[in-house]
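Novice: Below are the structure tokens for one structure; questions will follow.
The values are calculated or read from the model by the stated rules, or taken from the named source; none is laboratory data. What you see is a predicted model; the values in this text were computed from it and never measured. Here Cβ is always computed from backbone atoms with ideal geometry, including for glycine, and neighbour counts include all displayed protein chains.
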Amino acid sequence: MINLYPSVFTGADTTPQYSPGQLAQDSVYGYIYKYVLIHASSTAASAGRLFYNTATWNTVSDDYTGGAGLPEQPAGVAVGVIAASSYGWIMVEGYYSDVLKKTGAITIGDFLQGCSTDGKVVTRTGLTYTAAIAAGTIGIAGETVTAAITTVSALIRCN
């Protein structure tokens, strides 16, 4: 694992600058990131959740419903916009303040998982921690938000 300054993690590259699959630690906060390729059918929106692609564990997609991503295999959260077929860093472990969510209220401590709206999360309640990992959750809500709010802070845990 390499240590990098936080500003590196929000960029995108058309050619790989690191080996896909490379893990890096944020040298200021200690969060963990993974360098990945965005699937050709996807664009990683900033704060959007991503899933591993069926072909490789270093390619990710926001496509929950169209088959390019594996819904039970969350990869992480994009912290910057990464175009289709481009490379960039996604957060796999750490705190992120603005994860995109679908409509509906979320309570602090709820598990978060992908939903039918590509790139967004919904709450998943009634699970133990072990069951939540097996169910493909992406993290835990760090705040309570109403249905009208479009983002939620979360503790991301995908690696």
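Novice: Specify the residue that is surrounded by the fewest Cβ atoms within 10 Å (Cβ to Cβ); the eligible residues are those in the range 140-151 that are touching a Leu at 6+ places or on another chain (Cβ under 7 Å) and hydrophobic (A, V, I, L, M, F, W, C).
Specialist: Top of the filtered list is 140.
Novice: Out of all the residues in the range 65-84, which are touching a His at 6+ places or on another chain (Cβ under 8 Å) and at pLDDT 75 or above?
Specialist: 84
Novice: Please state which of the following conditions residue 108 fails to meet, knowing it meets all the rest: (1) more than 28 Å from residue 16 (Cβ to Cβ); (2) modelled with pLDDT under 75.
Specialist: Every condition holds for residue 108 apart from (2).
Novice: Now a separate question. So, residue 155, is that one among the aliphatic types (A, V, I, L, M), at pLDDT 85 or above and within 19 Å of residue 6 (Cα to Cα) or not?
Specialist: Answer is yes for this residue.
Novice: What about residue 129, is it farther than 12 Å from residue 49 by Cα and in contact with an Asp or Glu (Cβ under 8 Å, 6 or more places away or on another chain)?
Specialist: No: the conditions fail for residue 129.
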